[in-house]
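Q: Questions regarding the structure given below will be posed in turn.
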Amino acid sequence: MAKPPSLFLILISLSSLAFLSESRLSYNYYDQSCPRFTQIIQETITNKQITSPTTAAGTLRVFFHDCLLNGCDASILVSSTPFNSAERDADINLSLPGDAFDLVTRAKTALELSCPNTVSCADILAVATRDLVTMVGGPYYNVLLGRKDYRISKSSYVEGNLPKTTMPMADIINIFASKGFSVQEMVALSGAHTIGFSHCKEFNSFIYNSTQYNPKFAQGLQKACADYPNNPTLSVFNDIMTPNKFDNMYFQNLPKGLGLLESDHGLYNDLRSRSYVEMYAKDQNKFFQDFARAMEKLSVYGVKTGRRGEIRRRCDAIN
Ligand code: HEM
């Protein structure tokens, strides 16, 4: 006769079941624990985007930079301390806009009042990004919930994990590939440059002698950035045609030399990515479909669940 399992084994399997159930992401994660979750995020992003229309682009970039570096775990939101230089203080992240951080803080404050110690900063950032993209005209996509926040955030981990405009396209492709994203997904995600802006510092060195720019556009950029050494805040819209609308205009601009960053031109010039640029320039629906799918994939990249992370009380500090 088979021996009955010992009490010890039963306890172990029960506790691992509990761990598994709390480790799983789901669409209705907060339905019981925080029924107003969706509504609170909606209210917060609407108020913020109306008063500061650059919030949508800023938040999308913050989310991208959070996820690509060791997963969507809100580690980008943590402020530095005298003992730790955090991710957001790495050179490439210094231009991340305050409005995006402020948005998450506002949402977190409202959520803590409604359902204390329940909603992670990582989930707030993921859903706020999706809702803002939709609000400015982009596609809706589903976001799984149940991410936990991660307390390790180090500026020294950033190098090599985020693409820079000055990198050869092969290096940019490699960064995305190392995180499991194909060239097509990389191009679709880069369509995010249909909104937002870039500081002159990011492209100024290319606009005087690069043949990639439409000559009139290059002249306009030289004028717009003429005073940038004295005024480092000077910036230009990433998509000069429809800067505040999430559409496929970014891709239509690239073949005309109206891309802003060296890496934007690279997407069209490199034969590995050009056909996708052309496809998205012709077909906005296809761009929206692929962007939505790639964002769903990015949104679960490297997420921590269960006991691998925590719910931070404040999004900008480890408590
Ligand atoms: C392909 C490689 C990429 C490179 C080299 C790159 C680089 C940059 C740079 C240098 C800026 C200007 C930042 C500033 O001056 O404030 C920028 C802006 C932006 N990037 Fe990218 N990016 C890339 C891909 C992406 C992806 C995949 C996303 C999102 C899914 C994204 C979202 C954005 C957004 C929304 C802005 C505007 C930010 C704002 O207005 O505050 N980028 N990017």
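What follows draws every value from the coordinates through simple rules; no lab data is involved. Please read all numbers here as calculations on a predicted model, not as lab measurements. Backbone-built Cβ (ideal geometry, glycine too); neighbour counts: all protein chains shown.
Q: Once both axes come from the Cα atoms, what is the angle between helix 169-178 and the longest principal axis of the chain, in degrees from 0 to 90, rounded to 10?
A: The two axes meet at around 10 degrees.
Q: Taking 22 Å as R0, compute the FRET efficiency from the Cβ-Cβ separation of Lys297 and Thr38 and round it to 0.05.
A: Calculated value: 0.50.
Q: Right, something else. If you line up the long axis of helix 55-68 against the longest principal axis of the chain, both from Cα atoms, how many degrees apart are they, to the nearest 10?
A: On a 0 to 90 degree scale, this one is about 60.
Q: Whole angstrom only: what separates the Cα centroid of region 40-98 from the Cα centroid of region 239-317?
A: Going from one Cα centre to the other spans 17 Å.
Q: Amide H to amide H under 5 Å from Ala74: which residues, 5+ apart in sequence or cross-chain, H placed 1.01 Å off N in plane?
A: Hits under the 5 Å cutoff: none.
Q: Report, as a whole number in µm² per second, the diffusion coefficient that Stokes-Einstein gives for region 219-319 at 37 °C and 0.692 mPa s using the Kirkwood radius over alpha carbon pairs.
A: 194
Q: Hey, what angle do you get for helix 37-51 against the long axis of the chain, alpha-carbon based, 0 to 90 degrees rounded to 10?
A: 20
Q: How large is the Kirkwood hydrodynamic radius of the chain, counting all unique pairs of alpha carbons, in Å?
A: In the chain this quantity evaluates to 20.8 Å.
Q: Taking neighbour Cβ counts within 10 Å as the exposure measure, how do Asp123, Asp149, Asp102 sort from fewest upward?
A: The fewest-first ordering by Cβ neighbours comes to Asp102, Asp149, Asp123.
Q: Just to be sure I understand the model, the point goes 7 Å from the Cα along the line to the Cβ. What's the resulting Lys256 to Asp31 distance in nm?
A: 4.7
Q: State, as an integer percentage, the relative contact order of the chain based on alpha-carbon contacts under 8 Å between residues 6 or more apart.
A: 26
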